[in-house]
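Below is one structure, written out as structure tokens, with a few remarks after it.
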Amino acid sequence: MNSNLRQRLSDYDLAIPDELIAQYPRTQRDQCRLMVVDRQSGSIVTRRFYELPELLSAGDVLVLNDTSVFPARLMGAQPDTGHQVEVFLLKEVAADTWETLVRPGKRARVGQLLQFDGNVTGRILDQTDDGRVVRFEHAYDSFHSFLDEFGRSPLPPYIRREPEQADRVSYQTVFARSRGAVAAPMAGLHFTDDLLNRIEDAGIRIVYLTHHVGLGTFQPVRHEDITRHQMGAEYYELSAGAADTINSAASSGNRVVAIGTTVTRALESAAVEIGRVAPARGWTDLFVYPPYDFKVVQVLVTNFHLPRSTLLMLVAAFAGRDLVFKAYEQAVREQYQFFSYGDAMLLL
């Protein structure tokens, strides 16, 4: 394998000090730092996220992911032993039947009954490569009604605290509409209603797509040769109206600005040729890593991502691994905050 392609997992190792991993969101979403990286000149400057309208141009189209995070973590117990278990819901595969991760796994054998608050039970039906299939029995109007009452926000493991009630709001974008994500589209967390209004006042068009963040996004890469990694499929939708706006911008020489890696993957999955997308609804397992020729996305706004992750590999494919790592090293020196509740970067 040609090492110049940056297709080794070890190419994406970097050290992020624990103290730079944001544990709480900022009080005001759009006050975070925004590292602006120019892919042509290699320049790196620091701005604030609320300055985003000044950094884009009238006629650009900004694409946001309107997925909504649901409280996907459940705490339960084995009724026969009293042992505690945590069930992390991934996706519903049939009525009240879910693909899940169960911890600890040794207590998650097929046939095991689990007991939850609200007089809800679950039985493990099957074991998969990534987890367990659990069928739930309940007396609620819907299973999501039960989750809204007893589920916990699915904060990622690098946030080393228990979810709080405030996370129900802060770990959700202000434009979330379509329920189905088990993790927030991180770059979207920085937007406020006021900022969205100022973006539109600046002549920048805003459209939405849906990409439900699931296991595929945060599944670890286990092969040193990253080309052997298989992304888990995630559901996405791009409407005809959104596709028309994106295509109109591209044909007019304006830029398509993807807010986050999930938007990027959805747009590139929906691309039918350079500068053109088609309406789409379905599942994507697109894995973007160097080298990759982007067909639609011309500007990317994204957070700082975990080392060795598919998210970091996508950003490296967009801006070049060496420039991205230069930006990350500068972010560490300048004490940026990292990951879900951290700061952001704008790649021009």
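The values are calculated or read from the model by the stated rules, or taken from the named source; none is laboratory data. What you see is a predicted model; the values in this text were computed from it and never measured. Cβ coordinates were reconstructed from backbone atoms using ideal geometry, including for glycine residues, and neighbour counts include every protein chain displayed.
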For a quick check of your reading: which helices (runs of 4 or more DSSP H) sit entirely within region 185-292 and have at least 2 residues that are among the small types (Gly, Ala, Ser)? 240-251, 261-270
State all residues of region 88-116 that are part of a loop (DSSP other than H, G, I, E, B) and either at pLDDT below 95 or not charged (D, E, K, R) (or both); if no residue qualifies, say none. 95, 104, 108, 109, 110, 111, 112
Go over the candidates 55, 20, 5 one by one and state the one that is among the aliphatic types (A, V, I, L, M), in contact (Cβ under 8 Å) with a residue 24 or more places away in the chain and farther than 30 Å from residue 167 by Cα. 5
In this structure, is residue 97 surrounded by 14 or more Cβ atoms within 10 Å (Cβ to Cβ) and polar (S, T, N, Q)? yes
Somewhere in region 239-258, is a residue of a type outside the set (Ser, Thr, Tyr) and closer than 18 Å to residue 69 by Cα? no
Under 6 Å between Cβ atoms, which residue pairs at least 6 apart in sequence (or on different chains) link something in region 267-289 that is in the same structural domain as residue 242 (by TED's automatic domain parsing) with a partner that is assigned to a strand (DSSP E or B) and surrounded by fewer than 16 Cβ atoms within 10 Å (Cβ to Cβ)? 278/272
Can you run down the residue pairs with Cβ atoms below 7 Å, 6 or more apart or on separate chains, where the first is in region 322-348 and more than 21 Å from residue 298 (Cα to Cα) and the partner is assigned to a helix (DSSP H, G or I)? 332/20; 335/20; 336/20; 337/20; 338/20; 340/186
Qualifying positions in region 31-61 - of a type in the set (Lys, Arg) and over 18 Å from residue 318 (Cα atoms): 33, 47, 48
Take residue 96 and decide whether it is under 29 Å from the mean Cα position of the chain (by Cα) and without any contact (Cβ under 8 Å) to a residue 24 or more places away in the chain. no
Just wondering, is there one or more residues in region 127-148 that are touching a strand residue (DSSP E or B) at 6+ places or on another chain (Cβ under 8 Å), exposed (fewer than 14 other Cβ atoms within 10 Å of the Cβ) and under 24 Å from residue 219 (Cα atoms)? yes
Can you tell me which residue is farthest from residue 251 (Cα to Cα) among those in region 292-318 that are among the aromatic types (Phe, Trp, Tyr) and surrounded by fewer than 19 Cβ atoms within 10 Å (Cβ to Cβ)? 292
Mind checking which residues of region 257-291 are in contact with a helix residue (DSSP H, G or I) (Cβ under 6 Å, 6 or more places away or on another chain) and buried (at least 24 other Cβ atoms within 10 Å of the Cβ)? 258, 259, 260, 261, 277
Give the number of residues within region 2-43 that are in contact with an Asp or Glu (Cβ under 6 Å, 6 or more places away or on another chain) and aliphatic (A, V, I, L, M). 1
Report yes if some residue within region 187-194 is closer than 22 Å to residue 317 by Cβ and modelled with pLDDT of 95 or more; otherwise report no. yes
Hits in region 2-39 - residues which are within 17 Å of residue 309 (Cα to Cα) and touching a strand residue (DSSP E or B) at 6+ places or on another chain (Cβ under 6 Å): 16, 21
Tell me whether region 117-133 contains one or more residues that are modelled with pLDDT under 95, part of a loop (DSSP other than H, G, I, E, B) and more than 28 Å from the chain's Cα centre (by Cα). no
Report, by residue number, each residue of region 36-84 that is among the small types (Gly, Ala, Ser) and either crowded, with 21+ Cβ neighbours inside 10 Å or closer than 21 Å to residue 342 by Cα (or both). 68, 72, 76
Please find, among 158, 140, the residue that is under 25 Å from the mean Cα position of the chain (by Cα), assigned to a loop (DSSP other than H, G, I, E, B) and among the aromatic types (Phe, Trp, Tyr). 158
Can you tell me how many residues within region 197-223 are over 23 Å from the mean Cα position of the chain (by Cα) and of a type in the set (D, E, K, R)? 3
Consider residue 25 carefully, then state whether it is in a loop (DSSP other than H, G, I, E, B), touching a residue at least 24 places away in the same chain (Cβ under 8 Å) and more than 26 Å from residue 209 (Cβ to Cβ). no
